[in-house]
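Structure record follows, encoded as C-alpha cells.
The values are calculated or read from the model by the stated rules, or taken from the named source; none is laboratory data. These figures come from a predicted structure and were not determined experimentally. Every residue, glycine as well, gets a Cβ built from its backbone with ideal geometry; the counts of neighbours run over all protein chains shown. Side chains are part of the model used for accessible areas, which takes the heavy atoms of the whole protein and leaves out ligands, DNA and RNA. Shrake-Rupley method; radii C 1.70, N 1.55, O 1.52, S 1.80 Å.
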Amino acid sequence: MPRDNQTLLDLYRLMALTRALDGAIAEIDGHWHGLEGEEAVVAGAYHGLRPGDVVAPHYRGSLTAACGRGADLRKLLAGLLGKATSYNRGRYRSDVCGPPEFNLIGLYSGALGPPLAYATGAALAIKLDGRDDVALAVFGDGTSSRGDCHEAMNMASALCLPVVFVCQNNQIAISTPASDGVAPRSVADRAVGYGMPGHEIDGNDVLAVHDTVQMAIARARRGDGPSLIDAVTYRVAGHFVSDTVEDRPPEEIERWRARDPIALFRRYLVEQGVIDDGDLGEIDQAVSAEVAAAMAQAKADPDPGPDVLGLDRVFA
Amino acid sequence: MARQTFQQATVAAIAEEMRRDPDVFIMGEDIGKFGGPLHSCLGLWEEFGAEGRVIDTPISEGTFVGAGVGAAMQGKRPIVDLMFLEFLGLVVHQFGLDGGAMHYYSDGKVKVPMVVRAKYGVGPFHGHAYDFHSWLLNVPGVKVVAPSNPADAKGLMKAAIRDDNPVFFLEHMGLYHAGREEVGDGDGVIPLGQADIKRAGNDVTVVATALMVKRALAAAERLRNDGIDVEVLDLRSLVPMDEQAVLTSVRRTGRLVVACEAIKRGGSANEVVSLVAEEAFADLRAPIARVAPPSVPVPYHRELEKLYLPDHDDIADAVRRVMAA
Ligand SMILES: Cc1ncc(C[n+]2csc(CCOP(=O)(O)OP(=O)(O)O)c2C)c(N)n1
C-alpha cells in the first residue's frame, strides 16, 4: 500500500506519544491500565480517520484514540484527575471515555461490550444518512467473548453496515489467557461465522495494522460491509499499574519485549532512510516534553466546584 | 474465633459450604488461580480447583449467570461471582426475571438454589461504584442480601448458599478490606430476613444497610454529644425484609431516618418508608427522612463523589431535622 513519509512519521509520533503518556500516567495513577507493547495496534488503527468517522476504542488505548482525533492533551489529562478543565469538568474519567465532540464512543459504565453495539448503531445512522463515513470498533480478546460482540458483528453483517471491528488482542484478560477465553484458535476465525472477511495480523507491526484497517475502512466506505481484524499483540504490563500478580512465564514476557513495536518501527524507518536516529530522538523528546507540560498544567488545574455535580443536568 | 476482614469472612463461608456440600461450586471471571479481583475468591482454587469446582469463565456474564440458573435447575448449588454489581444489567433477565419466576411458574417443581455475588459501592477502588441493588426489589422471587460487617457477611453468605432460591449477595468495596473483626468459627448461619440492632437507642430509628450502617453508627456517636439517642437498625437483607424489627423499633422511638447508598428515587429506602407509613403512621412523632444520593450517575472527582454519597454528617443532620420537627 502506498504511503508517504508524513504518514510514517505521524504513525511513529502517535506511538511515541502513547508510550510517553503511559509512563507519565503510571506514575500518578495506580489504577491506570497500561499499554506498553500495544502501541502499534492503537496508533495503526486510530491514525488516518476522517472527522465524520465514529470510533469506539478499546478502553486500553482510548487516550490514543482521542489524541489521534485531535483532542487536547491537557484536557484529557485533566480528565484523568477529574479536574474542572477536563472535557466533562470532572464528572467522568477520561481514561476510558473520550470526548464525544471528536466522534468518540467511550465506556459510560464499567461494562465492556456495549460500545460495540453503539458503534454498530453509529454505522446504521451513517448508512441511513447515505454518508460514506465508517464506524471503527476496537475491543480486547477478553471482550470478544461478550454476547454484545457476537451480536454486533452478526447484525453489522446482516444489515451490511460500515463497521470495522478490530480486536486489540493482547492475549490476556486480567488473568485469563486468550487460549482459555476464546474458543477458536483465532478471533479472526470467527469472521466466517458472521459472513465477513477476517484478517489475522501482527499487531506489533504498525504498518500491517494501519494498512489492514485502512483496507477494511475502504471496503466499508464502498458499502461492502464490515470486516474483522485480529491484531495479535501482547500485554507486556500488568492488568493495571498496581497489579503485580503475574503468572505468565518471564521468558514469554521477555520474548515480547524483544518485539517491542516502537523499536521495530524505528529500525524500519531508519533502514528505509525515512529519518535518522537523531531526528527520531528529537521526536521522542518533543513528545515527552509535550506530555510533561500537559501533565503539569493538568495537575495545577482547579478541582470542580459543587455546581459541577449538576443535579438538574441529568436530562437533556 | 478469628479476626477477619469482610473479604476473608465471605471467602471462609464459601469454603466451609463447599466442604460441607459437594453440589456447591463457584464460577466467574479470574476467580481461579488469580484468586478473584480484590481477592474475592482467594484460596478457593488451591482447595477446590482440582475437583473442578472453581471455574474460570470467559467474559460472558449473561451466559455464565444463565448457566448458573441452568445448573441450579439440575440440583447444583452454584455461586456465581459477577465481579461488579455494575454488571447487573447484563444478567438481570437470567437471574431475576427467569430465575426468580421458575419456582412459582412451575408450581414448585423447579428450584433455583444459586447465589450471585458482586462488589460495589463507593470506596478505595475508584470505579465500579454503582449501587443498583434496588432494581432487584422489584423482581419477584429473588432475595437480596447486603451485610455491613465481617461476621454478618459470613453468616449471611452461608444462609444464602443454603437457600433454595436465587439470592443476590452484595459485597461493599468500602467495607471489603476495611479492618478485621471477630468472626465465629462455628456454623453461625444468620437466617435471611433477620435485621440486627447495631446500636440500641430511644429517640430515633436509623435504618441502613452495608456502608450506611457504619456511617449511621458514626453519626450516632456524634449525636450522643447532642443528647440524641439513636437506634441503628441494620436490615442485613432487603428481601426478605425484617418488617417486624423495623416496626417494633419505630413504634418505640416514634421517629425514622433511612440511609441508603442507592439513589433516592426508586431506592430500597422507600420500601422501609412505605412500610412504616402503612403500618405505623400513628406511632410517628415526626415526618420520616431519607438520606440517599441524588439521582445522578456516580461522579468521578473525589470531591464530587463526597458530595454525592451521604456521610455521617448528612445522616446526623437528617436525625436533627427529625428531632426538631
Ligand atoms: C462486562 C464486563 N465484565 C467484566 C469486566 C471486568 N474487566 C475489566 S477489564 C477486563 C479484562 C478485559 O480483557 P480484554 O478485553 O482482553 O482487554 P484487556 O484488559 O486485555 O486490554 C475485565 C474482565 C468489565 N469491565 N466488563
Residues located in the range A:179-196, provided they are within 13 Å of the ligand (Cβ to nearest atom), farther than 12 Å from B:ASP30 by Cα and either in a loop (DSSP other than H, G, I, E, B) or open to solvent by 20 Å² or more (accessible area, probe 1.4 Å) (or both): A:SER179, A:VAL182
B:VAL258 being in a helix (DSSP H, G or I), surrounded by 18 or more Cβ atoms within 10 Å (Cβ to Cβ) and β-branched (Val, Ile, Thr): no
Where A:LYS127 falls short, out of the listed (1) at positive phi; (2) away from every other protein chain (no Cβ under 14 Å); (3) not aliphatic (A, V, I, L, M): (1)
Scan of the range A:248-261 for residues that are open to solvent by 30 Å² or more (accessible area, probe 1.4 Å) and not charged (D, E, K, R), ordered by number: A:PRO249, A:PRO250, A:TRP256, A:ALA258
Residue selected from the range B:95-144 under the condition among the acidic types (Asp, Glu) and out of contact with any strand residue (DSSP E or B) (no Cβ under 9 Å at 6 or more places or on another chain), by the criterion surrounded by the fewest Cβ atoms within 10 Å (Cβ to Cβ): B:ASP107
Any hit, the range B:216-228, residues being assigned to a loop (DSSP other than H, G, I, E, B), at pLDDT 95 or above and within 16 Å of the chain's Cα centre (by Cα): no
Residue match in the range A:200-214 (condition: among the acidic types (Asp, Glu) and open to solvent by less than 50 Å² (accessible area, probe 1.4 Å)): yes
Residues (free of Cβ contacts under 8 Å to residues at least 60 places away in the same chain and not in a helix (DSSP H, G or I)) located in the range A:273-311: A:GLY273, A:ASP276, A:LEU311
Flag for B:VAL69 being more than 16 Å from the ligand (Cβ to nearest atom), modelled with pLDDT of 95 or more, within 14 Å of another protein chain (Cβ to nearest Cβ) and open to solvent by less than 10 Å² (accessible area, probe 1.4 Å): no
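Could we say that A:VAL206 is under 28 Å from A:ALA122 (Cβ atoms) and in contact (Cβ under 8 Å) with a residue 24 or more places away in the chain here?
Yes, satisfied.
For the condition more than 14 Å from every other protein chain (Cβ to nearest Cβ), within 16 Å of the ligand (Cβ to nearest atom), at pLDDT 95 or above and on the phi > 0 side of the Ramachandran plot, what is the one hit in A:GLY48, A:GLY37, A:GLY70? Steps first, answer last, please.
Details: A:GLY48 fails: within 16 Å of the ligand (Cβ to nearest atom); A:GLY70 fails: within 16 Å of the ligand (Cβ to nearest atom).
A:GLY37 is the lone residue from the list that is more than 14 Å from every other protein chain (Cβ to nearest Cβ), within 16 Å of the ligand (Cβ to nearest atom), at pLDDT 95 or above and on the phi > 0 side of the Ramachandran plot.
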Residue within the range A:239-247 that is within 14 Å of another protein chain (Cβ to nearest Cβ), within 16 Å of the ligand (Cβ to nearest atom) and open to solvent by less than 30 Å² (accessible area, probe 1.4 Å) present: yes
Only one of A:LEU124, A:LEU107, A:LEU76 that is modelled with pLDDT of 95 or more and within 16 Å of the ligand (Cβ to nearest atom): A:LEU107
The range A:5-46: number of residues that are open to solvent by 30 Å² or more (accessible area, probe 1.4 Å) and under 14 Å from A:GLN285 (Cα atoms): 3
Scope the range A:219-238; condition open to solvent by 10 Å² or more (accessible area, probe 1.4 Å) and either touching an Asp or Glu at 6+ places or on another chain (Cβ under 9 Å) or in contact (Cβ under 8 Å) with a residue 40 or more places away in the chain (or both); matching residues: A:ARG221, A:ARG222, A:GLY223, A:ASP224, A:VAL232, A:VAL236, A:ALA237, A:GLY238
Close pairs (9 angstrom Cβ cut-off, 6 or more residues apart or separate chains): away from chain A (no Cβ under 13 Å) in the range B:84-109, aromatic (Phe, Trp, Tyr) anywhere: B:PHE95/B:PHE168; B:GLY96/B:TRP135; B:GLY96/B:PHE168
Selected residue (criterion: nearest to the ligand (Cβ to nearest atom)) from residues of the range A:154-177 that are in a strand (DSSP E or B) and among the β-branched types (Val, Ile, Thr): A:ILE172
Filter pass, A:ASP230 being of a type in the set (D, E, K, R), within 16 Å of the ligand (Cβ to nearest atom) and more than 14 Å from every other protein chain (Cβ to nearest Cβ): yes
Qualifying residue in the range B:177-187 (condition: closer than 30 Å to B:PRO287 by Cβ and without any contact (Cβ under 8 Å) to a residue 40 or more places away in the chain): no
Residue pairs meeting the criteria (Cβ under 7 Å; at least 6 apart or on separate chains; first at pLDDT below 95, in the range B:310-325; second not small (Gly, Ala, Ser)): B:ALA325/B:PRO287
Close pairs from the range A:132-161: first more than 14 Å from every other protein chain (Cβ to nearest Cβ), partner among the acidic types (Asp, Glu) and assigned to a loop (DSSP other than H, G, I, E, B), Cβ under 9 Å, at least 6 apart: A:ASP133/A:ASP53; A:VAL134/A:ASP53; A:ALA135/A:ASP53; A:LEU136/A:ASP53; A:CYS160/A:ASP224
